[in-house]
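S.K.: Would you mind keeping the following structure in view while I ask a few things?
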Amino acid sequence: MLNNVEETLDPADWEATRALAHRMVDEAVEHLAQVRERPEWTPMPDDVRARLKTSLPTDPAPLDEVYGEYREAVAAYPMGNIHPRFWGWYMGSSNFTSALGDFLAAVDGSNLGGGNTGAAQVEQQVVDWLKEIAGFPKSASGTLTSGGSMANLVAHTVIRNLAAGFDVRKEGIASLKKPLRFYASDQVHSCHQKALEVLGLGAKALVEVASDDHQRIRLDALAAAIAQDRANGLQPACVIGTAGTTNTGAIDDFTAIADLCDREGLWFHVDGCIGGVLRLAPDHAHLVAGIERAGSVAIDPHKWLHTPFEAGAVLIKDPEAHFAIFEMHGPYLQLQERGMIAGKFLADYGLELSRGFCALKIWMAFKEQGSAKFGRLISKDIALARYMANQIEAHPLLELFAPVDLNIVCFRHVAMDENASSALNTEITLRLQERGLAVPSDTTVQGKHGLRCAFNNHRTRREDIDGFLKDVVQIAQEIILEPVS
Ligand SMILES: Cc1ncc(COP(=O)(O)O)c(C=O)c1O
């Protein structure tokens, strides 16, 4: 029989949908309000995993059933980065206002590729706010991206094309007269190598310069590498400074790098994915002095601004070049002076055409909390890292293995000799995670391996750190006493 009903994805019963949606909000609030009481992380059992491997559903199911399945099989096994004892790798810890923003953005449904919409105005306002935070002029261009990797890729594309000195869009990189070189410390995030590989410059275009004992780029080694490359017929193009390295939170000397770039005629880019927002905290703003002299900066709101994933941003001080490098319009997408498509076309500043309204979640959180609060939270995280470092320094069985200059603490248990130490500390890390006690990650700094805690979590309290260190010592003791199998 022919189905002559004109179907839609809208619910047949809006009132029932409203009631269910209210229940979802109630349960989401409950979930957040009780986050501290739950285990930090719970491994997913095989039978639950199997439920998520069934094939494409052709037939419908009531939304409350789908929601029930989500609660049982998905929501019960989160990463836990919203939990107060999550300090692994480098994540933000999200916030409820921005979660509401994500929901409202999806309901609004606008495509931020362009369009004469309120959403497009909000994105441009958020980009302007990020310029204020980084000390960039309003005349700079910028765009929100999915994250820091994409933000750095956009910047490196602009830098590559400007350094080439010809129309790379038309000619391609095969026409480069000299191989380009980008310089960064040996602590630089791996996304830079990936970006240069994708841009066709090759991994060797990234010159990793030795860092000092605080993991900051060594300026003498940087100057020597640039001179050597010039002598070898290569073309130095850019120095990447990092505002908070992922491993230890080191911040390069931006004033010195900016001076060097001025002297050498190089572009200065800052990877500020972690610390690009430090100027929000007046007591720590001096750490990034000189960031405002960079030609471009990448900032990750989904890190220290606690925007739920995803949200990155890049700011560029050459708006004409930025536009010229990405602008592209098919015959089906011509701009007009009036109507829906009038105004700045946001996709002309990056790689993606269709883009989500991720600005709303940042905009709402800044409006509700005020930027000063974000600054205070940054200061609190740095104070927590210092607090933990002091506890570790006072403990006979624990040792820091990297300086704590920002919000990252690298430490290890020292009960075993150097050879066994790495295995012991890895086992401590994994047991902490598997028991749902806390999520640190692990890392190696100058040959020493151990636990790493990145304090980037607005829910963490000192008592979390006290309990965690007790757990570390107790688990180590338990491992040491276990019979060797
Ligand atoms: C310093 C730094 N740069 C870039 C990135 C990549 O950012 P994303 O994960 O948002 O792509 C990270 C991620 O942790 C980072 O710490």
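The values are calculated or read from the model by the stated rules, or taken from the named source; none is laboratory data. Keep in mind it's a predicted model, so treat the numbers as computed, not measured. FYI the Cβ positions are ideal-geometry reconstructions off the backbone, even for glycines, and counts take in every protein chain you see. With ligands, DNA and RNA removed, areas are computed over all heavy atoms of the protein, side chains included. Shrake-Rupley method; radii C 1.70, N 1.55, O 1.52, S 1.80 Å.
S.K.: Express the relative contact order of segment 1-109 as a whole percentage, based on alpha carbon pairs under 8 Å and six or more residues apart in sequence.
M.R.: Relative contact order of segment 1-109: 26 percent.
S.K.: Please list 126-136, 387-397, 146-156 highest first by mean number of surrounding beta-carbon atoms within 10 Å per residue.
M.R.: Packing order, densest peptide first, comes out as 146-156, 126-136, 387-397.
S.K.: I'd like the carbon and sulfur percentage of the solvent accessible area for segment 39-129, probe radius 1.4 Å, heavy atoms only, ligands and nucleic acids excluded.
M.R.: Within segment 39-129, the accessible surface is 58 percent carbon and sulfur.
S.K.: Checking the a/c ratio against 1.5 first, then a/b against b/c, what shape does the Cα gyration tensor give for the chain?
M.R.: oblate
S.K.: Full-extension gain between R230 and W129, please, as 0.36 nm times their residue separation minus the C-alpha to C-alpha distance.
M.R.: Value of the extension gain: 32.5 nm.
S.K.: Calculate the length of the line joining the C-alpha centroid of segment 76-133 to that of segment 238-252, in whole Å.
M.R.: 24
S.K.: For segment 82-131, report the accessible area per residue in Å² (1.4 Å probe, heavy atoms, rounded to an integer).
M.R.: 36
S.K.: Gain in length, M79 to E482, computed as 0.36 nm per residue apart minus the alpha-carbon separation, to one decimal in nm?
M.R.: Gain on stretching M79 to E482: 142.1 nm.
S.K.: Here is a follow-up. Going 7 Å from the Cα of A285 in the Cα-to-Cβ direction, what parts of segment 330-373 have a backbone nitrogen less than 18 Å from that spot?
M.R.: Answer for segment 330-373: 370-373.
S.K.: 7 Å from Cα along Cα→Cβ at both Q474 and D64: what's the point-to-point distance in nm?
M.R.: Spacing of the two 7 Å Cα→Cβ label points: 4.2 nm.
S.K.: Here is a further query. Before I look further, what does segment 214-317 give for accessible area per residue, probe 1.4 Å, in whole square angstrom?
M.R.: 31
S.K.: With every protein chain left in place, what is the accessible area per residue of segment 352-465 in square angstrom, probe 1.4 Å?
M.R.: Ligands and nucleic acids excluded, the figure is 41 Å² per residue.
S.K.: So, one more: I need the phi-derived Karplus couplings for segment 437-450: 6.51 cos²θ - 1.76 cosθ + 1.60, θ = phi - 60°, integer Hz, Gly and Pro marked x.
M.R.: Working through the residues one at a time gives 7, 6, 10, x, 10, 10, 7, 10, 10, 6, x, 9, 10, x Hz.
S.K.: In debye to the nearest 20, how big a dipole does segment 375-479 give about its Cα centre with +1 on each Lys and Arg Cβ and -1 on each Asp and Glu Cβ?
M.R.: Computed about the Cα centre, the dipole is about 460 debye.
S.K.: Let me check something: with ligands and nucleic acids excluded, how do W89, W14, W363 order by accessible area (1.4 Å probe), largest to smallest?
M.R.: If we order W89, W14, W363 from most to least accessible, we get W14, W89, W363.
S.K.: Let me ask you something else. For a protection proxy built on the mean count of beta-carbon atoms within 10 angstrom, sort 266-273, 425-432 highest first, please.
M.R.: The most tightly packed comes first, giving 266-273, 425-432.
S.K.: Let me ask something else about it. Of the options L424, P396, V239, report the single residue whose Cα projects farthest towards the positive end of the charge dipole of the chain (beta-carbon charges: Lys, Arg +1; Asp, Glu -1).
M.R.: V239
S.K.: Separate question: How many nm separate the modelled label positions at L353 and E27, each set 7 Å beyond the Cα in the direction of the Cβ?
M.R.: 3.8
S.K.: When ranked by the protection proxy of mean other Cβ atoms within 10 Å per residue, highest first, what sequence do the peptides 343-352, 182-191 form?
M.R.: Top to bottom by mean Cβ count within 10 Å: 182-191, 343-352.
S.K.: Okay, next question. Looking at segment 136-246, how many pairs of lysines come closer than 26 Å at the Cα, when each pair is eight or more places apart or spans two chains?
M.R.: Lysine pair count for segment 136-246: 8.
S.K.: What is the percent carbon and sulfur in the accessible area of segment 242-289, measuring with a 1.4 Å probe over the protein chains and ignoring ligands?
M.R.: Ligands and nucleic acids excluded, carbon and sulfur reach 52 percent.
S.K.: Report for the chain the percent antiparallel among DSSP-assigned beta bridges with both residues inside it, nearest 5.
M.R.: Within the chain, antiparallel bridges account for around 55 percent of the total.
S.K.: In addition: Please state the charge dipole magnitude for the chain, taken about the Cα centre, from unit charges on C-beta atoms (+1 on K and R, -1 on D and E), reported in debye and rounded to the nearest 20.
M.R.: That gives the chain a dipole magnitude of about 1140 debye.
S.K.: For A19 and E72, compute 0.36 nm times the residue count separating them, minus their Cα-Cα distance, and round to one decimal in nm.
M.R.: 17.1 nm
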